[in-house]
Amino acid sequence: MAPSSAIMIYTATMPLPKFDGLLLPILSFIRDGQEHSLKETVEHVADVFKLSETERNQLLPSGYQRVIVNRTSWARTFLKKAEFLHYSRRGFMQISKRGEEYLAGNPQTLTVADLRRYPEFKENWNTATEVQQEQTPETSHDLTPEEQIENAFGEIEKDLAKNLLEQISNLSPGFFERLVVDVLIKMGYGGSLKDAGRAIGKSGDGGIDGIIKEDKLGLDTIYIQAKCWEGTVGRPEIQKFMGALAGNRAKKGVFITTSSFSSDAVTYAASIDTKIVLIDGKQLAELMIEHDVGVSLQATYTVKRLDADYFSEV
């Protein structure tokens, strides 16, 4: 069967669309009536949109699945719920009579809104999902359910990070230094909290606020600069810190600030032999959240998947 015009409009070079935009390309791909696996469909989608290797391998924020696989899987699921296709056997799909009839009209688009016009679409979702879809704007279907969850989680963490930095900005220098100690200890540095507490804030040696063990055995030491800043930290401050490290024959340092670093400061730190790690306010807040410093657990949600191996009779 000759390809319809609907296929042609998707062949131009463009980034991977949201899963809503994959509905018609996937349906057009399986119109030959043959069985097609998810892997085969994913590769087809990647080729149709001429994705680069980077785009093909892009992961969800959680890192557990490729974005293209996630979106293709959900597009396939939505097509099945509207009975545009069916699963011929485990892991394989085929176009249905309804899908063939839809393509026969040479459609230019196929959206979730189109699928929702079929009563089977709602009937094939459980009550909780159906209610959620009724309450969610159509634009939410640009994202898969996992992407919606991860985006919402990201917004929560972004707001939390902002609140953390606001709190930190009101802290005394001494409290901020103890906060830095807590973060480093949770990350595995500093030996014991008692040792780290003695080392930090005691040096006062021009540009150095403290010295902390790199590991529990103290095989190496890390020199620390921990400052609350309002403006951007520039190259001169990093040069001053590097000079202090050289004066102590130190090869490793961490410069932590509540603000940000200029591009010159970042370039300079990357160009010198002495290893200086720069941690700005955004990174500090992220580390606090990751290692549970100054935050508490509010709720945990577990996302489960069907275990296909369990149902296999082979």
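Annotation note: Cβ proximity below 6 Å between a residue of segment 28-55 that is in the same structural domain as residue 103 (by TED's automatic domain parsing) and a residue that is part of a strand (DSSP E or B) and polar (S, T, N, Q) (sequence gap 6+ or interchain) occurs for 35/88; 35/94.
Strands (runs of 3 or more DSSP E) fully within segment 203-313 that include at least 2 residues being of a type in the set (Ser, Thr, Tyr): 221-227.
With respect to residue 28, determine if the residue is surrounded by 14 or more Cβ atoms within 10 Å (Cβ to Cβ) and touching a helix residue (DSSP H, G or I) at 6+ places or on another chain (Cβ under 7 Å). Yes; evaluated as a whole, the condition is true for this residue.
Okay, residues lined up against (1) charged (D, E, K, R); (2) assigned by TED's automatic domain parsing to the domain that holds residue 187:
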| position | (1), (2) |
| --- | --- |
| 263 | no, yes |
| 268 | no, yes |
| 272 | no, yes |
| 275 | yes, yes |
| 285 | no, yes |
| 298 | no, no |
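Just one residue in the set 290, 286 is in contact (Cβ under 8 Å) with a residue 12 or more places away in the chain and charged (D, E, K, R); that residue is 286. Answer with yes or no whether residue 62 is in contact with a Ser or Thr (Cβ under 9 Å, 6 or more places away or on another chain) and either within 17 Å of residue 92 (Cα to Cα) or not in a strand (DSSP E or B) (or both). Considered against the rule, which asks whether it is in contact with a Ser or Thr (Cβ under 9 Å, 6 or more places away or on another chain) and either within 17 Å of residue 92 (Cα to Cα) or not in a strand (DSSP E or B) (or both), residue 62 comes out as no. Residue under question is residue 196, and the condition is that it be at pLDDT 85 or above, buried (at least 16 other Cβ atoms within 10 Å of the Cβ) and outside any loop (DSSP other than H, G, I, E, B); does it hold? For residue 196, the condition - at pLDDT 85 or above, buried (at least 16 other Cβ atoms within 10 Å of the Cβ) and outside any loop (DSSP other than H, G, I, E, B) - is not met.
Per-residue answers, yes or no, for (1) among the β-branched types (Val, Ile, Thr); (2) touching a residue at least 40 places away in the same chain (Cβ under 8 Å); (3) surrounded by fewer than 16 Cβ atoms within 10 Å (Cβ to Cβ):
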site: 87; (1), (2), (3): no, no, yes
site: 91; (1), (2), (3): no, yes, yes
site: 94; (1), (2), (3): no, yes, no
site: 102; (1), (2), (3): no, yes, no
site: 109; (1), (2), (3): yes, yes, yes
site: 120; (1), (2), (3): no, no, yes
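Please indicate, with yes or no, whether at least one residue in segment 70-78 is within 16 Å of residue 19 (Cα to Cα) and within 13 Å of the chain's Cα centre (by Cα). No, every residue in segment 70-78 fails to be within 16 Å of residue 19 (Cα to Cα) and within 13 Å of the chain's Cα centre (by Cα).
The values are calculated or read from the model by the stated rules, or taken from the named source; none is laboratory data. Not measured: the values here are computed from a predicted model. Reconstructed Cβ throughout: ideal geometry from the backbone, glycine too, with neighbour counts over all protein chains shown.
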